[in-house]
Structures are given as structure tokens and as C-alpha cells.
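In what follows, a structure is listed as C-alpha cells, so that the remarks can point back to it.
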Amino acid sequence: MISAVRTRTTREGDPTATARAFNSAASRLVRAAQRTMGGTYVDEAEADDGLPDYVIAMEAVAAADGSGDSRRRTSQRSAALWTLDEDRLAVAKTIRHAYQRRSFGTPTEKIKTPSP
């Protein structure tokens with residue numbers, strides 16, 4: 001299904017907005033994974049270098065359909081994937097912290113992220 005979305009084109013032969021968003025997300029995830037999952041040890045600075053790529057990939061998937069507050073849309077839509085309210089709140093908090101760290105480089109406290 002994702003392949004079908006990634007290859008959609010307009011009548012003019014250009015990729016659709018959704019296809020561009022998924023392609024952007026895929027490249028960002030690959031880039032971030034190469035930085036943070038490449039070996040047995042990842043330096044904290046290298047992990048931080050991958051954070052913008054992860055956040056941009058998350059936005060491309062969760063909030064590519066409009067303009068405005070992409071942080072809110074990304075946080076809400078990502079949190080909606082969990083069934084329990086406490087898990088949704090934890091996911092939304094994790095995403096807010098990722099945005100804060102990406103934007104300001106501010107260290108955040110470690111928080112436990114629920115498994116789906």
C-alpha cells in the first residue's frame with residue numbers, strides 16, 4: 001500500500017503531495033537510522049543529530065495534509081494510534097519533548113514511551 005501511495009502522480013506526471021510526503025519521510029527515516037543505528041554504540045551527540053530527521057519524518061506522515069500547527073497535528077494524530085488515554089498522553093508528551101529538543105537543543109527528562 002505504501003508503495004502505491006509513494007508512486008502516485010498527478011495528471012501532469014508529477015508526484016502528488018502525499019507521495020512527496022511519504023518519500024520525504026522515507027528518506028529522513030533512513031538518514032536518521034544510519035546515524036543512530038549504525039553500530040553497537042551511538043554517541044549522544046550523534047543521536048541528537050538524528051532527531052531533526054526523525055521529527056521531520058514524523059511530520060511528513062502525520063501532518064502533511066495541511067498548513068498551520070503541524071506540531072499539534074503530529075502530536076494528536078500520533079497519540080491517537082494508542083488505545084489507552086494514559087498511553088496517548090505519554091506519546092503526546094514524548095513528541096512535545098522531541099520538538100523542544102529539536103528546536104532548542106534543550107535536554108529533556110527521560111520519559112517512558114508505551115509500546116503499541
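Since every read-out is calculated from the coordinates, none of them should be taken as a lab result. Everything numeric here is computed off the predicted structure, so don't read it as measured data. For neighbour counting, all protein chains shown are included, and Cβ atoms are generated from backbone atoms with ideal geometry for every residue, glycine included.
Here are a few things to note about the model shown:
- Using θ = phi - 60° in the Karplus curve 6.51 cos²θ - 1.76 cosθ + 1.60, the 3J(HN,Hα) couplings for segment 21-28 round to 5, 5, 5, 5, 4, 4, 5, 5 Hz; x is entered for Gly and Pro.
- Multiplying the residue separation of Ser24 and Leu89 by 0.36 nm and removing their Cα-Cα distance gives an extension gain of 20.7 nm.
- Net charge of Cβ neighbours under 10 Å - reference Asp53; Lys, Arg +1; Asp, Glu -1: +3
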